[in-house]
Amino acid sequence: MDRICADLNKRAKRLNQRGIEAAKSADSREAQLAAIEPFLREGLEGQKVAQRQIERLTPPAGDEKQFETIVDNYRQEDALLSRLLDAVDSRDVDRFTALSGELDRLQERTRGLLQGYGFKECGSGRNEAD
């Protein structure tokens, strides 16, 4: 699973950095949302691909429940990212801000599960822009 996350982290980090750069030139919060939209959309598609790969994995015997909890958290993240894109599409800054906070909290919980399980790449935060 760490191999899947390593690939996803590399792509997501590049997208995050490009999105931040694109948003810097925007003159309003709505324009910032417009600027980051393609990067969010591409990131969500990449995450969905990784999620499908992870869902096909077979967890070690005895770890099924913990693995399913991790997979469920990833599904919740995908759902939140989709809602985040809806907010971006409608240029709803307040909704985007609220959903971003919700996503941050969910990702922190997921990160704790992944690190507690012993993953090195999954949950590492190596996908964040510098």
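Per residue of the chain, what 222 nm ellipticity follows from adding -39500 (n - 2.57) for every DSSP H run with n ≥ 4, rounded to the nearest 500? Walk me through the intermediate numbers first.
On the way: 4 runs with 101 residues, N = 130.
Computed mean residue ellipticity for the chain: -27500 deg cm²/dmol.
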remark   = Cβ density ranking, 10 Å radius, fewest first, applied to C122, C5 yields C5, C122
query = Excluding D86 itself, what net charge comes from residues whose Cβ is under 10 Å from its Cβ, given Lys and Arg +1 and Asp and Glu -1?
reply = 0
task = Evaluate E = 1/(1 + (r/R0)^6) for V71 and D27, where r is the Cβ-Cβ distance and R0 equals 35 Å; express this FRET efficiency to the nearest 0.05.
result = 0.30
task = Using only Cα atoms, locate the centre of the stretch 1-23 and the centre of the stretch 114-130, then give the distance between them in Å, rounded to an integer.
result = 12
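What Kirkwood radius, in Å to one decimal, follows from the Cα pairs of the chain? List each step's numbers first, then the result.
Details: mean 1/r = 0.0652 Å⁻¹.
Every distinct Cα pair counted, the radius reaches 15.3 Å.
Bear in mind that the values in this text are calculations on the coordinates, not laboratory data. Remember, predicted model here, so these are calculated numbers, not experimental data. Every residue, glycine as well, gets a Cβ built from its backbone with ideal geometry; the counts of neighbours run over all protein chains shown.
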